[in-house]
Amino acid sequence: MNINDLIAIDVHTHAEVSCRQEPDEAWKPFEEASAKYFKAGKRPNIHETIAYYRERKIGLVMFTVDSEFQIGAKRIPNEEVADAARENSDIMMAFASIDPHKGKMGVREARALIEDGVIKGFKFHPTLQGFFPNDRLAYQLYEVIAEYKLPAIFHSGHSGMGTGMPGGGGLRLKYSNPIHLDDVAADFPDMTVIIAHPSWPWQDEALSVCLHKPNVYIDLSGWSPKYFPPQLIQYANSQLKTKMLFGSDYPLISPDGWIKDFKEAGFKPEVHDLILKQNAIRALKLA
């Protein structure tokens, strides 16, 4: 990324519409339910998303979510996201998503993607993927990520995906309690762990893990800042001011609206640039 040209870095954006393959019918009920929950409109494709961020001079980290095991929906290939980042390296970074249930084949994929030189981190969604982050099932993947000293983003807290569907779409919220990431951060100190979202109803667990483990950050995506729990803002203004990251969850939440609400939500002026840009530069090793 050309960080000097950017006003902010959004560490949490989704590749939701492929430019290379048709949407999978198995995913449509989840997409429709999430659109209702987030009051979101038509999803942009990968190229449209990049153009949107380029117009705003905001850097972005983009990823898909591999939920083939739990949901049975075909994922957007990691290679498509990587190719987009290769073509837009001034503004975009690509993270890969590999379901831990893929075992050694997943490990092989992760290593190949890393060694190709474009993938700079990984995304996990315990609720959509159906695993506890500290399950040894995932450790062989973490070992590869830690070997290359790359970051990994983990969904935490409530999930808009499945909300309102019968039985929550069969998804279990228990997998995304951030306390399970305490084991991961302890066992893999060379892997930067990014806890995604205000972690309601487990916000205090996330803050404690982040405070205790030097390799843990929190990204503030998925909620408008006007709804943030007060203790999250309190720690962002004080002990954790260098460990909070701007993330939107685009296209479900726009960076424009997020930044506007952020500037009105009680964050001290001196932490604005840290959260919007400087902390991401450090966490993502961009300088």
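The values are calculated or read from the model by the stated rules, or taken from the named source; none is laboratory data. It should be emphasised that the depicted structure is a prediction, and the values quoted were computed from it without experimental measurement. When we count neighbours, we look across all protein chains shown, and the Cβ atoms used for this are built from the backbone with ideal geometry, even at glycine.
Out of the residues in the range 57-78 that are of a type in the set (D, E, K, R) and touching a strand residue (DSSP E or B) at 6+ places or on another chain (Cβ under 9 Å), which is surrounded by the fewest Cβ atoms within 10 Å (Cβ to Cβ)?
Only one residue tops the list, namely 57.
Give me a count of the residues in the range 257-281 that are more than 18 Å from residue 238 (Cβ to Cβ) and either out of contact with any Ser or Thr (no Cβ under 6 Å at 6 or more places or on another chain) or not in a helix (DSSP H, G or I) (or both).
8
So how many residues does the range 148-166 have that are modelled with pLDDT under 95 and not β-branched (Val, Ile, Thr)?
So the answer is 7.
Among the residues of the range 12-40 satisfying the criterion of being of a type in the set (Asp, Glu) and under 19 Å from residue 63 (Cα atoms), which is surrounded by the fewest Cβ atoms within 10 Å (Cβ to Cβ)?
Applying the filter and picking the extreme gives 22.
Does residue 70 satisfy being at pLDDT below 95 and either farther than 21 Å from residue 153 by Cβ or within 18 Å of the chain's Cα centre (by Cα) (or both)?
no
Which of the residues spanning the range 255-269 are touching a residue at least 24 places away in the same chain (Cβ under 8 Å) and surrounded by fewer than 19 Cβ atoms within 10 Å (Cβ to Cβ)?
256, 257, 261, 264, 265, 266, 268
Please state which one of 193, 184 is surrounded by 22 or more Cβ atoms within 10 Å (Cβ to Cβ), out of contact with any helix residue (DSSP H, G or I) (no Cβ under 6 Å at 6 or more places or on another chain) and touching a residue at least 40 places away in the same chain (Cβ under 8 Å).
Exactly one residue qualifies, and that residue is 184.
Go through the range 199-234 and count every residue that is more than 21 Å from residue 257 (Cα to Cα) and of a type in the set (A, V, I, L, M).
Within the range 199-234, residues that are more than 21 Å from residue 257 (Cα to Cα) and of a type in the set (A, V, I, L, M) number 5.
So which residues in the range 140-160 are in contact with a Phe, Trp or Tyr (Cβ under 8 Å, 6 or more places away or on another chain) and under 23 Å from residue 109 (Cβ atoms), if there are any at all?
The answer is 141, 142, 143, 145, 146, 150, 151, 152, 153, 154, 155.
Take residue 48 and decide whether it is modelled with pLDDT of 85 or more, under 22 Å from residue 109 (Cα atoms), surrounded by fewer than 21 Cβ atoms within 10 Å (Cβ to Cβ) and not aromatic (Phe, Trp, Tyr).
It is false that residue 48 is modelled with pLDDT of 85 or more, under 22 Å from residue 109 (Cα atoms), surrounded by fewer than 21 Cβ atoms within 10 Å (Cβ to Cβ) and not aromatic (Phe, Trp, Tyr).
Does any residue of the range 124-135 turn out to be over 17 Å from the mean Cα position of the chain (by Cα), crowded, with 20+ Cβ neighbours inside 10 Å, of a type outside the set (Gly, Ala, Ser) and outside any loop (DSSP other than H, G, I, E, B)?
no
Starting from the range 203-215, keep only residues that are in contact (Cβ under 8 Å) with a residue 24 or more places away in the chain and under 18 Å from residue 282 (Cα atoms), then list their pairs with residues that are of a type in the set (Asp, Glu) and surrounded by fewer than 16 Cβ atoms within 10 Å (Cβ to Cβ) whose Cβ atoms are within a distance under 9 Å, requiring at least 6 positions of separation or different chains.
These pairs meet every condition: 215/190.
Would a scan of the range 154-167 turn up a residue that is surrounded by fewer than 21 Cβ atoms within 10 Å (Cβ to Cβ), among the polar types (S, T, N, Q) and either free of Cβ contacts under 8 Å to residues at least 12 places away in the same chain or over 17 Å from residue 193 (Cα atoms) (or both)?
Within the range 154-167, one or more residues are surrounded by fewer than 21 Cβ atoms within 10 Å (Cβ to Cβ), among the polar types (S, T, N, Q) and either free of Cβ contacts under 8 Å to residues at least 12 places away in the same chain or over 17 Å from residue 193 (Cα atoms) (or both).
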